[in-house]
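The structure appears right after this line, and notes come after that.
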């Protein structure tokens, strides 16, 4: 994988997380549990994060062992194949607690790649 394609996948992850956070906004957990449309939008965003994470280089993932990359990739399969067993509190926790560290790592990696991407353009 080229660094350029890596930056595209990092951007996809960051964009999906931003959109999920925007959709969830300041909804309380009770409001989120009662809003199936927002739950579906959040699930779609998490699916995008999951799929894009699969396309990141192993070297990049190895630099950040604190991120559970297998779980990040695996949540997409759960959402696609076992969607009936996804509880709103799980999605809530994922967005509020688990995605921010992933977003920070992706922003850091993207910032490190961007100067090289721009100089090759």
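The values are calculated or read from the model by the stated rules, or taken from the named source; none is laboratory data. All figures in this text were calculated on a predicted structure; none of them were measured in a lab. Using ideal geometry, Cβ is built from the backbone for each residue, glycine included, and neighbour counts are taken over all protein chains shown.
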Is segment 67-75 home to any residue that is exposed (fewer than 15 other Cβ atoms within 10 Å of the Cβ), at pLDDT 95 or above and not in a helix (DSSP H, G or I)?
yes
Sole miss for residue 56 among (1) at pLDDT 90 or above; (2) assigned to a helix (DSSP H, G or I) is condition (2)
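Would you pick out the residues in segment 76-121 that are modelled with pLDDT under 85, surrounded by 14 or more Cβ atoms within 10 Å (Cβ to Cβ) and part of a helix (DSSP H, G or I)? Show your work before the answer.
Step one: of segment 76-121, the residues modelled with pLDDT under 85 are 82-86, 113-121.
Filter once more, keeping what is surrounded by 14 or more Cβ atoms within 10 Å (Cβ to Cβ): 86, 113-114, 117.
Those that are modelled with pLDDT under 85, surrounded by 14 or more Cβ atoms within 10 Å (Cβ to Cβ) and part of a helix (DSSP H, G or I): 113, 114, 117.
Residues are listed down the side, and each one gets a yes or a no for (1) closer than 17 Å to residue 19 by Cα; (2) out of contact with any helix residue (DSSP H, G or I) (no Cβ under 7 Å at 6 or more places or on another chain):
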residue: 33; (1), (2): no, no
residue: 50; (1), (2): yes, no
residue: 57; (1), (2): no, no
residue: 63; (1), (2): no, yes
residue: 69; (1), (2): no, no
residue: 102; (1), (2): yes, no
Looking at segment 71-92, which of its residues are without any contact (Cβ under 8 Å) to a residue 40 or more places away in the chain and touching a helix residue (DSSP H, G or I) at 6+ places or on another chain (Cβ under 9 Å)?
71, 72, 73, 74, 75, 76, 77, 78, 79, 80, 85, 87
Within segment 20-53, residues being part of a helix (DSSP H, G or I) and free of Cβ contacts under 8 Å to residues at least 12 places away in the same chain number 8
All positions within segment 44-66 that are closer than 13 Å to residue 99 by Cα and crowded, with 16+ Cβ neighbours inside 10 Å
45, 46, 47, 48, 49, 50, 53
